[in-house]
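Everything below concerns the one structure shown next.
The values are calculated or read from the model by the stated rules, or taken from the named source; none is laboratory data. Note that the structure is predicted; figures quoted are calculated from it, not measured. Cβ: placed from backbone, ideal geometry, glycine included. Neighbour counts: every protein chain shown.
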Amino acid sequence: MMSTGIRNHTTNATLADNPPLTLGSAGQSIWLDYIRRDLIESGGLAKMIATDGLVGMTSNPAIFERAVATDPAYQGWLRNFSGDRRNLKAAYEQLAIRDIRDAADALAPVYARTRGRDGYVSLEVSPDLAADTAGTIAEARRLWQAVGKPNLMIKVPGTPNGIPAIRALIALGLNVNVTLLFARSAYEAAAEAYIAGLEDRAKQGQSVTGIASVASFFVSRIDAAIDPQLNEIAKSGGPNAALATSLCGRIAIANAKVAYARYQELISAPRWQALAAAAARPQRLLWASTGTKNPAYRDVVYVEELIGADTVNTLPPATLNAFRDHGAVRASLNENMAAAHQALSDLSTLGISLESVTAGLLKDGVRQFEEAFVKLLESVERAINPR
């Protein structure tokens, strides 16, 4: 059996000795940024639900690509695939849908207990549809019907062409995970699409209850992109060297804090309150890319500094293990807001455009998922048609 990368832990965890479990008391939900068949079949997922307070899962093409490329169980299933062996995407989808359904079943008690607040598992539309609104809508509807689970979320990238698809899918009553959000302006567009989709649905005389969405706001990749620019300024030894050094590792968290402040404004506004009165659920911010990429930083910094009510943090296995081992929980999201705004202002003063950085990260994110999907289909082909 392949290793999941998730360490065993005690089954009698308490709030005092298990930081992930404590996050729930701070209003934050923990989801796992990982899916693997052996995790489901071994009971590992059920154990994390029981002892860590895990309440959701996310997947993406890169996660499935690693599973298909490295796990003999996936390769064996594909060798026995009974469908059209030339249709590699169909073979992958059947494999992925099997995993997603089983994960959804494992999370169904969470979905019931939380009355649909949590208990979701996400499945992404094909990355090559990021610029195709109509294609995204059609594929999302097809996957929704194929999985057939109420606690499914369809992942749609928050690209300019993805935003209108998100509005349409919400109006149709699908749960949507808006992914690849880096800029606060992109987050606001995703929030607008969600609210407008609910309003469209209400205008059609349909209920807005029972529909869920998260806005996946990426974190660590921002520091990974900006820190090298700050280091170059610091190395110059000029008048801004000290300021540049002081901003390293701070911009991603500041960006997320300000986005969260905007979320709080949106759900306090009369427009949202009208929907809330009809029992609509808010679209929660989900912190993605929370594994620390710089070994000089605390390995749980993007968990500890982003804890707040009505949020989700989706953790890769290594970060979940680290947080369970030595994480500290406090309500941190609303702390030091003046410092967060000042950090973003100082970044601009140094001549670094956060908007340009986030635009580049979105482009790179789409490209990386496209490349992962190509590699995934190549792995499927090697397994399904061995030479």
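Scan region 267-310 residue by residue and report those that are basic (Lys, Arg) and closer than 24 Å to ASN60 by Cβ. Walk me through it before giving the result.
Step one: filter region 267-310 for residues basic (Lys, Arg), giving 271, 281, 284, 293, 298.
Of everything in region 267-310, those that are basic (Lys, Arg) and closer than 24 Å to ASN60 by Cβ turn out to be ARG281, ARG284, LYS293.
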For LYS155, only one of the following conditions fails: (1) over 16 Å from MET57 (Cα atoms); (2) touching an Asp or Glu at 6+ places or on another chain (Cβ under 6 Å). What is its number?
(1)
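Condition check ((1) aromatic (Phe, Trp, Tyr); (2) at pLDDT 95 or above; (3) part of a strand (DSSP E or B)) across all residues:
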| residue | (1), (2), (3) |
| --- | --- |
| TRP272 | yes, yes, no |
| LEU285 | no, yes, yes |
| TYR297 | yes, yes, no |
| THR314 | no, yes, yes |
| PHE323 | yes, yes, no |
| VAL329 | no, yes, no |
| ALA339 | no, yes, no |
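Would you mind stating whether TYR260 is within 18 Å of ASN336 (Cβ to Cβ), part of a loop (DSSP other than H, G, I, E, B) and of a type in the set (Phe, Trp, Tyr)?
Numbers: within 18 Å of ASN336 (Cβ to Cβ): yes; part of a loop (DSSP other than H, G, I, E, B): no; of a type in the set (Phe, Trp, Tyr): yes.
Against the criterion (within 18 Å of ASN336 (Cβ to Cβ), part of a loop (DSSP other than H, G, I, E, B) and of a type in the set (Phe, Trp, Tyr)), TYR260 does not qualify.
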Tell me, please, whether a residue that is β-branched (Val, Ile, Thr), farther than 26 Å from GLN342 by Cβ and not in a helix (DSSP H, G or I) can be found in region 184-197.
no
For the subset of region 348-375 comprising residues that are in contact with a helix residue (DSSP H, G or I) (Cβ under 8 Å, 6 or more places away or on another chain) and not in a helix (DSSP H, G or I), which member is farthest from ASN60 (Cα to Cα)?
LEU350
Just one of the numbered conditions (1) small (Gly, Ala, Ser); (2) in contact with a strand residue (DSSP E or B) (Cβ under 6 Å, 6 or more places away or on another chain); (3) more than 23 Å from LYS155 (Cβ to Cβ) is not true of ALA309; which one?
(2)
Going through region 145-171 in order, the residues found to be in contact with a strand residue (DSSP E or B) (Cβ under 7 Å, 6 or more places away or on another chain) and either farther than 18 Å from PRO127 by Cβ or among the acidic types (Asp, Glu) (or both) are VAL147, ASN151, LEU152, ILE170
Taking region 231-266 only, how many residues are under 27 Å from the mean Cα position of the chain (by Cα) and in contact (Cβ under 8 Å) with a residue 40 or more places away in the chain?
17
Among the residues of region 342-355, which ones are surrounded by fewer than 17 Cβ atoms within 10 Å (Cβ to Cβ) and under 24 Å from the mean Cα position of the chain (by Cα)?
GLU355
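To keep it simple, each residue is scored yes or no on (1) crowded, with 16+ Cβ neighbours inside 10 Å; (2) closer than 28 Å to LEU180 by Cβ; (3) touching a residue at least 12 places away in the same chain (Cβ under 8 Å).
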{"position": "PRO61", "(1), (2), (3)": "yes, yes, yes"}
{"position": "ASP71", "(1), (2), (3)": "yes, yes, yes"}
{"position": "TRP77", "(1), (2), (3)": "yes, no, yes"}
{"position": "PHE81", "(1), (2), (3)": "yes, no, yes"}
{"position": "ARG86", "(1), (2), (3)": "no, no, no"}
{"position": "LEU95", "(1), (2), (3)": "yes, yes, yes"}
{"position": "ILE100", "(1), (2), (3)": "yes, yes, yes"}
{"position": "LEU107", "(1), (2), (3)": "yes, yes, yes"}
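Take the conditions within 16 Å of the chain's Cα centre (by Cα) and within 13 Å of SER213 (Cα to Cα) and apply them to LEU152. Does it pass? Don't jump to the end; show me each part of the working.
Details: within 16 Å of the chain's Cα centre (by Cα): yes; within 13 Å of SER213 (Cα to Cα): yes.
Answer is yes for this residue.
Going residue by residue through region 321-338, is there one that turns out to be touching a strand residue (DSSP E or B) at 6+ places or on another chain (Cβ under 8 Å) and closer than 26 Å to TRP31 by Cβ?
As a first pass, look at region 321-338 and keep what is touching a strand residue (DSSP E or B) at 6+ places or on another chain (Cβ under 8 Å): 323, 333.
Among the residues that remain, those that are also closer than 26 Å to TRP31 by Cβ are: 323, 333.
Yes: region 321-338 contains one or more residues that are touching a strand residue (DSSP E or B) at 6+ places or on another chain (Cβ under 8 Å) and closer than 26 Å to TRP31 by Cβ.
Which ones in region 116-126 are closer than 15 Å to PRO157 by Cα and surrounded by 23 or more Cβ atoms within 10 Å (Cβ to Cβ)? Full working, then the answer.
Going through region 116-126, the residues closer than 15 Å to PRO157 by Cα turn out to be 122-126.
Once the filter is applied, which keeps residues that are closer than 15 Å to PRO157 by Cα and surrounded by 23 or more Cβ atoms within 10 Å (Cβ to Cβ), region 116-126 yields SER122, LEU123, GLU124, VAL125.
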